[in-house]
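These notes are about the structure you will find just below.
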Amino acid sequence: VSGSSTSRRAVRKAETQTALRDAALELFAEFGYDGVTTEDIAERAGVSARTFFRYYPTKESVLLGGQLDWYRWFAEVYPRQPVGMTDIEAVCRTFVELAPDIMQRRERLLAYERAVASSPTLRGHVQDYQSVDRENIAKVIATRRGLDEPDESCRLLASVGLCAFRAALDSWLADRQTADFRRAVTDHFRVLETALATDRGQPRS
Amino acid sequence: LRDAALLLFATRGYEATTTEEIADAAGVSPRTVFRYFPTKDSILYFREDEWVIGFIENFLGQPAAFGEVEAMCAAFVASVPRDARGRRAQSRYRQAVESSLTLRGLEYDHQQMAIGMIADAVAQRRHQETRDEGCDLLAAVATLTYRRAVQRWLDGPARADVRTLITHEFALLAELFGGPVAATSRRRSAAPRP
């Protein structure tokens with residue numbers, strides 16, 4: 001009995017969290033990120049301002065907090081890639097495996113993009129979150145390489161991988177024709193492979 | 001004016017610095033500051049377009065026999081401000097950016113603009129009418145590679161040659177994709193793989 005009440009509580013918690021996030025996205029789309037307060041978000045979701053802060057420590061975390069799960073997911077999938085696969089292929093494959101999840105969230109991602117476009121401050125927050133993400137991904141890459149700590153090559157790969165992923169996401173969000181995000185990911189990684197595998201990449205002396 | 005502003009931004013923080021203080025430090029009136037720089041962030045970015053345009057000219061002037069990334073690397077090596085004054089200015093700029101969230105957002109916007117201009121140049125070098133997603137991505141990756149090298153230069157000893165660091169970072173990039181440059185650096189950094 002107590003088990004079912006715990007799970008009911010968990011469900012209610014998840015519902016409140018989702019309601020707050022949806023309310024935030026609606027309001028940001030309507031008034032811009034900087035024109036909305038945490039009180040506004042709580043009111044729209046039908047909860048108190050105190051409840052808001054129980055779920056989200058800051059206003060930006062309503063938008064960016066979910067990213068954390070995303071990278072936990074990367075950390076889970078990346079090490080499962082076949083040993084013979086190059087690092088860059090493994091990064092690409094990991095993003096491809098993440099695609100179905102991304103594809104279900106198209107509308108929410110578009111709302112997120114609109115909010116980010118509305119505020120330089122929020123773009124600043126995004127930069128900060130992304131540098132944490134990059135370092136986390138570099139650690140996961142280092143582990144697969146058998147290193148204790150990421151070296152510069154791991155960090156560069158994390159940056160390049162995220163950059164290609166980001167570009168694929170932008171292209172998929174911008175273009176309704178590209179129905180398949182997986183395709184967008186592999187296309188973008190292929191562009192880089194073509195440009196770099198055939199190129200010396202540094203001036204001849 | 002810019003040197004005075006950069007020093008104030010770096011030491012006191014970007015948000016905390018007023019136009020009046022910048023005018024004071026440079027020995028001019030606030031009105032003069034506004035005449036040159038209508039907004040505070042325009043002080044930080046006023047010569048950036050010039051720099052990007054110079055870089056692009058250099059990139060387009062690289063030998064046709066060079067690969068794209070190779071030409072990009074050569075153009076970064078030729079354009080990077082590498083004297084002590086350039087290093088100081090960039091280092092203060094980084095400190096200013098670290099002091100302000102809004103500035104980190106604006107920096108992103110400026111980067112995107114520069115990447116767009118570089119992507120146009122990539123399309124031009126390919127004799128394409130317009131730039132496509134491939135040009136955008138290549139410009140973005142080359143820019144981030146360059147920025148990482150400059151950051152390492154700013155973090156490291158002043159005597160290091162930023163041009164060597166740029167070449168090294170592009171070699172690392174080629175190595176990730178199994179490019180021919182990889183051979184030497186791969187041996188050097190042979191990491192045990194599971």
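Bear in mind that the values in this text are calculations on the coordinates, not laboratory data. Everything quoted here is computed from the prediction, not taken from an experiment. Positions of Cβ are generated from backbone atoms using ideal geometry, with glycine treated the same way; all protein chains shown enter the neighbour counts.
Details
- Residue among A:VAL11, A:VAL116, A:VAL36 with the largest mean-square fluctuation in a Gaussian network model of chain A, springs linking Cα atoms under 10 Å: A:VAL11
- At 0.890 mPa s and 25 °C, Stokes D of region A:48-150 from Kirkwood alpha-carbon radius, µm² per second: 158 µm²/s
- For the residues of B:97-105, the average number of beta carbons from a partner chain within 10 Å of their own beta carbon is 5.
- Highest-MSF residue in chain A out of A:GLY124, A:GLY65, A:GLY146 [GNM, Cα springs under 10 Å]: A:GLY146
- Sorted fewest first by neighbouring Cβ atoms within 10 angstrom, A:LYS13, B:LYS40 come out as A:LYS13, B:LYS40.
- Chain A: most fluctuating residue of A:LEU109, A:LEU25, A:LEU147 per GNM, C-alpha cutoff 10 Å: A:LEU147
- Global geometry of chain B, whether rounded, prolate or oblate, following the gyration tensor of its Cα atoms and the 1.5 cut on a/c: prolate
- The mean sequence separation of alpha-carbon pairs under 8 Å and at least six residues apart, normalised by the residue count of region B:53-150, gives a relative contact order of 24 percent.
- Pairwise centroid distance, computed over Cα atoms, of region A:89-107 with region B:1-52, Å: 43 Å
- On Cα atoms only, tilt of B:48-60 relative to the major axis of chain B in degrees: 20 degrees
- Calculated from backbone phi, Karplus (6.51, -1.76, 1.60) coupling profile of region B:120-130 in Hz, x at Gly/Pro: 4, 5, 4, 4, 4, 5, 7, 6, 9, 4, 10
- As a calculated quantity, the FRET efficiency between B:MET113 and A:ALA19 at R0 = 41 Å, using C-beta atoms, amounts to about 0.65.
- Residue-averaged beta-carbon neighbours from other chains (10 angstrom radius) around B:132-142: 6
- In order along region A:130-145, the Karplus-derived 3J(HN,Hα) couplings, from 6.51 cos²θ - 1.76 cosθ + 1.60 at θ = phi - 60°, round to 5, 6, 5, 4, 4, 5, 4, 5, 4, 5, 5, 5, 4, 4, 5, 7 Hz, and Gly and Pro are given as x.
- Shielding of peptide A:152-160 by partners, expressed as the average count of other chain Cβ atoms within 10 Å per residue Cβ, is 6.
- Residue exposure sequence - B:HIS127, B:HIS168, A:HIS188 - by fewest surrounding Cβ within 10 Å: B:HIS127, B:HIS168, A:HIS188
- Overall form of the protein assembly as shown per C-alpha gyration tensor (a/c, 1.5; a/b vs b/c): oblate
- Computed 3J(HN,Hα) for region A:25-37, one whole-Hz value per residue from the Karplus formula 6.51 cos²θ - 1.76 cosθ + 1.60 where θ = phi - 60°, is 4, 4, 5, 4, 5, 7, 10, x, 4, 6, x, 10, 9, glycine and proline marked x.
- Neighbour-count ranking [beta-carbon atoms within 10 angstrom, fewest first] of B:GLU21, A:GLU30, B:GLU68: A:GLU30, B:GLU21, B:GLU68
- R0 of 45 Å, Cβ-Cβ distance A:ARG8-A:ALA174: FRET efficiency to nearest 0.05: 0.65
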